[in-house]
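> Please read through the structure below; I'll follow up with questions.
Nothing in this text is a laboratory measurement; each read-out follows from the coordinates by a stated rule. Bear in mind the structure is a predicted one, so any value in this text is a computation, not a measurement. Every residue, glycine as well, gets a Cβ built from its backbone with ideal geometry; the counts of neighbours run over all protein chains shown.
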Amino acid sequence: MSNSKGVKHESFFKNVEKYFDHAGQFTKIPSGLLNQIKVCNSVYKMKFPVKVGNEYQVLEAYRVQHSHHRVPTKGGIRYSEGVNQDEVMALAALMTYKCAIVDVPFGGAKGGIKINPRDYNEAQLQRITRRYTAELIKKNFIGPAIDVPAPDYGTGEREMAWILDTYLAFHPESIDGYGCVTGKPVSLNGIRGRREATGRGVFFGVREAVNIKKDMNEIGLSTGLEGKRIIIQGLGNVGYHSANFFQEAGAILVGFCEIEGAIYNKNGIDLAELTKWRKETGSIMDFPKAKNLNSSWEGLEQECDILIPAALENVITKDNAPRIKAKIIGEAANGPVTAEAQEILLKKGVYIIPDLYLNAGGVTVSYFEWLKNLSHVRFGRMDKRFTQYAFENVVDVIEKLTNKSISKKEKSIIARGAEEIDLVDSGLEETMVTAFYGIRDVWKKHRKIEDMRTAAFVTAINKVADAYVAMGIFP
Ligand code: GLU
């Protein structure tokens, strides 16, 4: 196996299975049911032709539905040269566990097209996306009640809009058709806050972790994000927004790694300045306020407190794990640490906040978007003004009773109804914080569970098992 960077590694799906099997022993679930939870329920591999310039290319693509214990199934679509069946299966499985952890009522799925999107222009990408969607429709692999894609590595709002439009063309009668895909532009019934959601979720997860004194004492760090030195790998949607929230909270962004290389400055790199630089020059390299490192890989091994891999799987392997200096690894990407690497890191005492929890903010807000699409009304529309008036009345009564007046500015802070974005952000924070303590409880209360990933898997497996038992399929 090799990832999109051509680096050899063990099978990603086997990695996920290893984590699963290790966690399985800490549950009371019989082996038959564990096997049912572990396997991928449906794997759809397709090949289809697309005209590119004067030639026809035959493209390879996938959609995997890992678990039907709950429907619809849910998960992103990835455009990358590294796409293969093993990768999509692993990512689909992680989606099942991720949804279970944050109580998002979906089974896991994932899709991918084996292309480098940079090799195609916009019109060609649109043709590829529409054809892929048509293939999904043909086999009943997409729909608001069946399987709901979303963005992933190499895709975004634009692709989701094309998927939606293709789906609606085939299902003009479907009143809930807009719920066939999430991560859509707001102008096409997407939801405010979805773009930043994964990064915001990463921020909440790391913030909770570093606020626990006992846990920080164990790894020799002080509490709080302020002043923590952070390295970000990947400046895509997830990496960029995570970095932004960390910087806002007073953390110091000391390093960045991207495809073109890595940069480092122990005193910190301003994200806005770096983003501007990259836009102008097409690269993070030669940024005047940081030093260039020899390779992107070297960037991962620099001095820092927290390392945030936010791009692809298998970037921390048994080869570079011994040289990682971070005390916390926050897995914003899916599968960035291999099972072999994890063994080494845990021995070194590294605190790994696992992907299946930490990057669940994206699918959480996707769930909110799906709910919005099914209810056909924007969150906040029915009650924003009502809440505002109710608070205003309370403020008036307080003024009368106390004979004191509250300033206009204070009034506007107190008497405010929630907008869609307020509700999305607060729903996301509630979800991430609750899930964090749920997993930590399992981790700290079970003597033999040594790491947060195992605790997260145990939490997820138990929830999926409960659904199967409730269905009466397993005793
Ligand atoms: N691709 C994202 C993930 O890996 C989002 C999935 C979704 O929103 O359905 O979690």
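> Provide Rg and Dmax in Å for the chain, with only Cα atoms included in the calculation.
Cα-based Rg and Dmax for the chain come out at 22.9, 80 Å.
> Taking a virtual spin label 7 Å from the Cα of residue 118 along the C-beta vector, which residues in the stretch 61-96 bring their backbone nitrogen under 16 Å of it?
79-83
> If you wrap a convex hull around the Cα atoms of the stretch 61-152, how much volume per residue is inside, in Å³?
85
> Translational D (Stokes-Einstein, µm²/s) of the stretch 331-475 at 10 °C and 1.306 mPa s when Rh comes from the Kirkwood sum over C-alpha pairs?
82
> What do the square roots of 5 times the Cα gyration tensor eigenvalues come to for the stretch 271-357, in whole Å, largest first, as semi-axes of the equivalent ellipsoid?
Semi-axes from the Cα gyration tensor: 26, 14, 11 Å.
> By Kyte-Doolittle mean hydropathy of at least 1.6 and Cα axial length of at least 30 Å, which whole DSSP H helices of the chain are selected?
Span-like helices in the chain: none at all.
> Sticking with this one: With a 10 Å radius around each residue's Cβ, average the other Cβ atoms per peptide and rank 59-67, 445-453, 123-131, highest first. Write down the numbers at each step before the final one.
Working: 59-67: 24.1, 445-453: 14.7, 123-131: 18.0.
Result, highest mean first: 59-67, 123-131, 445-453.
> Points 7 angstrom from Cα along the Cβ direction at residue 248 and residue 371: gap in nanometres?
2.1
> Something else about it: Please list log₁₀ I(q)/I(0) at q = 0.18, 0.21, 0.31 Å⁻¹ for the stretch 303-342, using the Debye equation with identical point scatterers on the alpha-carbon positions.
-0.42, -0.57, -1.15
> Something else: Show me 463-475, 339-351, 150-162 ranked by packing, highest mean number of other Cβ atoms within 10 Å first.
150-162, 339-351, 463-475
> Return the Rg/Rh ratio of the stretch 152-225 with Cα-based radii and a Kirkwood Rh.
1.28
> Another question, if that's okay. Sort 204-215, 404-415 by packing, meaning the average of other beta carbons within 10 Å per residue, with the highest value first.
So the peptides 204-215, 404-415, ranked by packing, come out 204-215, 404-415.
> So if each residue of separation counts as 0.36 nm, and I subtract the Cα-Cα distance between residue 171 and residue 42, what length gain in nm does that give?
My answer for the length gained is 44.1 nm.
> From the square roots a ≥ b ≥ c of the eigenvalues of the alpha-carbon gyration tensor of the stretch 100-158, which class results: rounded (a/c under 1.5), prolate (a/b over b/c), or oblate?
Values: a/c = 2.75, a/b = 1.60, b/c = 1.72.
Oblate, since a/c reaches 1.5 and b/c is not below a/b.
> How many times 2.2 N^0.38 Å is the alpha carbon radius of gyration of the stretch 1-126?
Here the answer is 1.20, to two decimals.
> When the Cα centres of the stretch 340-403 and the stretch 185-259 are compared, how far apart do they sit, in Å?
The distance from the Cα centre of the stretch 340-403 to that of the stretch 185-259 comes to 16 Å.
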